[in-house]
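The values are calculated or read from the model by the stated rules, or taken from the named source; none is laboratory data. Small disclaimer: the values here were computed from a predicted structure and weren't measured. Note: ideal-geometry Cβ built from the backbone for every residue, glycine included; neighbour counts use all protein chains shown.
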Amino acid sequence: VADVVGEREGARNIEVPEWAVVTGSHTTPSAWVKVRIRGKEERSAGWGVGPVDALANALKSISEIPKFKLTRFKLNAVSSGTEAIGEVYVRVESNGIAAEGFGLSDDIVEASIEAIIDALNKVASHEHGSGEDPK
């Protein structure tokens, strides 16, 4: 990987205003996403070994999203109980660029997609010459 994108906030060109997952025993996890990229909306579905993998695969099939590989995924509970808030840290690699993302929610799947989108926005910002310094 040639560059690691720094921690600075990039432009929020990629948004996921709607998403859904289906998972369970004896069911292949699936996901549906509606993505908005610079005002243009696109929908996609994906399948995987779990809900986060299914969401990542749904995102990967959208042409405007940089092709990426999820290389790190870390989930921490920041409170206790069944309604605990989860924080998710991810690292994605795309076209020689690595970027880290962060998500926080009481829904760990939502925190996961927030983290992936955070990282993808950093990749997209770097690829489009935002001036963000690679680390």
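List of remarks:
- Hey, Ile117 modelled with pLDDT of 95 or more, touching a Leu at 6+ places or on another chain (Cβ under 7 Å) and within 16 Å of Phe68 (Cβ to Cβ) or not: no
- If the condition is being within 12 Å of the chain's Cα centre (by Cα) and assigned to a strand (DSSP E or B), then region 35-54 contributes only Val35.
- Residue satisfying condition, being in a strand (DSSP E or B), modelled with pLDDT of 95 or more and either of a type outside the set (Ser, Thr, Tyr) or within 22 Å of Trp32 (Cα to Cα) (or both), within set Asn57, Asn76: Asn76
- Among residues of region 86-114, those that are over 16 Å from Ile65 (Cα atoms) and surrounded by fewer than 16 Cβ atoms within 10 Å (Cβ to Cβ), counted: 4
- Within region 79-108, the residues that satisfy the criterion of being over 24 Å from Arg38 (Cβ atoms) and in contact with a Leu (Cβ under 7 Å, 6 or more places away or on another chain) are Ile85, Gly86, Glu87, Val88, Ile108.
- Members of region 79-107 that are small (Gly, Ala, Ser) and not in a strand (DSSP E or B): Ser79, Ser80, Gly81, Ala84, Gly96
- Matching option when the condition is part of a loop (DSSP other than H, G, I, E, B), of a type in the set (Lys, Arg) and either more than 21 Å from Glu18 (Cβ to Cβ) or at pLDDT below 95 (or both), among Lys122, Lys67: Lys67
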